[in-house]
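Heads up: the structure comes next, in C-alpha cells.
The values are calculated or read from the model by the stated rules, or taken from the named source; none is laboratory data. The model shown is predicted, which means the values in this text are computed figures rather than measured ones. Note that each Cβ is placed from the backbone with ideal geometry, even for glycine, and that neighbours are counted across all protein chains shown.
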Amino acid sequence: MVPADHANQVVVAEQRADRTSVLKVEGVLDSSTYLSLRDAIIKAAIDNADAVVIDVTTLSVPAPSAWAVFTSVRWHLSQWPEVPIALVCSHSSGREALVRNAVARYVPVYPTISEAVAALATSGNLQVRRRARTELPRASASVALSRELVAESLAAWSRPDLISVAKLIVTVLVENVLAHTQSAPVLRLECKKDLVTVAVEDENAEPAARHERPTHGVDDVSGLAIVAALCRKWGNSPTPTGKSVWAVIGPENRL
C-alpha cells in the first residue's frame with residue numbers, strides 16, 4: 001500500500017458489497033494521477049459491477065479543479081455501461097468541497113459506505129446484467145471466433161433476435177483492432193433488459209473514429225460508419241491499458 005501522503009500516487013483498493021463495487025481511494029489526486037484514477041473507476045464499472053461507490057475520505061486533493069475527475073467518470077459511465085456511482089467522504093470538509101466544486105450536482109455524496117450502498121440499492125437504477133468476457137488471440141481467426149462467441153452468448157441469454165446485427169458489429173470492431181493496433185482484442189458482451197452491448201478492448205488509448213474519404217470519386221465508408229448505422233449508440237471508453245469501443249443494440253436494430 002502506498003502511503004496517502006506520497007506525492008503523485010493514487011492507490012485504489014476494491015471490495016464488494018453484494019452487487020456494488022466499493023473502491024477506497026488513497027493518495028494525491030492531481031494532474032499526474034487524474035487519468036489513472038478515472039480509468040480505474042471506469043474499469044471497475046465495466047468489469048462486473050452493477051454500481052460503484054468511491055470512498056475519497058483519505059484522498060488528498062491540492063487543487064480543487066481535480067475533483068472534476070468524478071464528473072468525468074459520471075459522463076463516461078452514462079454513455080456505457082450506465083452504472084450508477086456514488087461518493088463517500090466521512091468528514092464534512094470533503095463533502096463541502098464536493099458540493100462547492102459542483103461534483104455533488106452530478107454524483108451523490110454520502111458520509112458512510114453503508115449509506116451509499118443502501119441508497120444505490122433502493123434507487124431503482126440497479127439493473128440485472130449478464131456479462132461475458134473473452135481474450136482473443138491476435139490473429140485473423142479471431143474475427144470468426146468472435147462471431148461464434150456472440151452467437152453462443154446471445155442464444156444462451158435468449159436474445160437470438162440480435163445475433164445477426166451483433167455479429168456484424170463485432171466483425172468490424174475486431175477487424176479494426178487487428179488492422180489499426182498491435183493488440184490482441186478482448187471481447188466483452190453485456191445483456192441488460194432488452195439491450196445488448198458488444199465491446200472490444202485494445203491497448204491503444206487513441207479513441208476510434210469514423211473516417212470517410214472519397215476513393216476514385218466514390219465515398220469509402222468506414223466500418224465504424226456501418227456500426228453507427230446498425231446500433232442505438234456507440235462510443236469509446238478509456239481503460240487503464242487502452243480503450244474499449246462499444247456499441248449498444250436494441251430491438252429496433254434487429255435485421
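Determine whether L168 is in a helix (DSSP H, G or I), buried (at least 16 other Cβ atoms within 10 Å of the Cβ), touching a strand residue (DSSP E or B) at 6+ places or on another chain (Cβ under 7 Å) and on the phi < 0 side of the Ramachandran plot. It is false that L168 is in a helix (DSSP H, G or I), buried (at least 16 other Cβ atoms within 10 Å of the Cβ), touching a strand residue (DSSP E or B) at 6+ places or on another chain (Cβ under 7 Å) and on the phi < 0 side of the Ramachandran plot.
Matching residues to (1) touching an Asp or Glu at 6+ places or on another chain (Cβ under 7 Å); (2) of a type in the set (V, I, T); (3) closer than 30 Å to C231 by Cα; (4) surrounded by fewer than 18 Cβ atoms within 10 Å (Cβ to Cβ):
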position: A44; (1), (2), (3), (4): yes, no, yes, no
position: P81; (1), (2), (3), (4): yes, no, yes, no
position: S90; (1), (2), (3), (4): no, no, no, yes
position: A97; (1), (2), (3), (4): no, no, no, no
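Filtered by the rule that a residue be β-branched (V, I, T) and either within 22 Å of the chain's Cα centre (by Cα) or exposed (fewer than 13 other Cβ atoms within 10 Å of the Cβ) (or both), segment 120-158 gives T122, V128, T134, V150. Within segment 183-211, the residues that satisfy the criterion of being touching a residue at least 40 places away in the same chain (Cβ under 8 Å) and not in a strand (DSSP E or B) are S183, A184, P185, K193, D194. Residues considered: A205, A144, A166. Of these, the only one that is among the hydrophobic types (A, V, I, L, M, F, W, C) and either farther than 30 Å from P84 by Cβ or in the same structural domain as V83 (by TED's automatic domain parsing) (or both) is A144. For A86, the stated conditions do not hold, so it cannot be described as touching a residue at least 12 places away in the same chain (Cβ under 8 Å) and surrounded by fewer than 16 Cβ atoms within 10 Å (Cβ to Cβ). Assigned to a strand (DSSP E or B), of a type in the set (S, T, Y) and under 26 Å from V248 (Cα atoms): is that true of S36 in this structure? Answer is no for this residue. Among the residues of segment 25-63, just one is in contact with a helix residue (DSSP H, G or I) (Cβ under 9 Å, 6 or more places away or on another chain) and basic (K, R), namely R38. Output yes when any residue across segment 112-119 is surrounded by fewer than 18 Cβ atoms within 10 Å (Cβ to Cβ), of a type in the set (S, T, N, Q), in contact (Cβ under 8 Å) with a residue 24 or more places away in the chain and within 17 Å of V88 (Cβ to Cβ), and no when none is. Yes; the residues of segment 112-119 include at least one that is surrounded by fewer than 18 Cβ atoms within 10 Å (Cβ to Cβ), of a type in the set (S, T, N, Q), in contact (Cβ under 8 Å) with a residue 24 or more places away in the chain and within 17 Å of V88 (Cβ to Cβ). In the set (1) hydroxyl-bearing (S, T, Y); (2) more than 28 Å from D202 (Cα to Cα); (3) surrounded by 21 or more Cβ atoms within 10 Å (Cβ to Cβ), S21 fails one condition alone, (2).
The numbered conditions (1) more than 22 Å from L136 (Cβ to Cβ); (2) surrounded by 16 or more Cβ atoms within 10 Å (Cβ to Cβ); (3) of a type outside the set (D, E) are all true for R254 except (2).
Per the listing D39, D50, the residue uniquely in contact with a Leu (Cβ under 7 Å, 6 or more places away or on another chain) and either surrounded by 21 or more Cβ atoms within 10 Å (Cβ to Cβ) or in contact (Cβ under 8 Å) with a residue 60 or more places away in the chain (or both) is D50.
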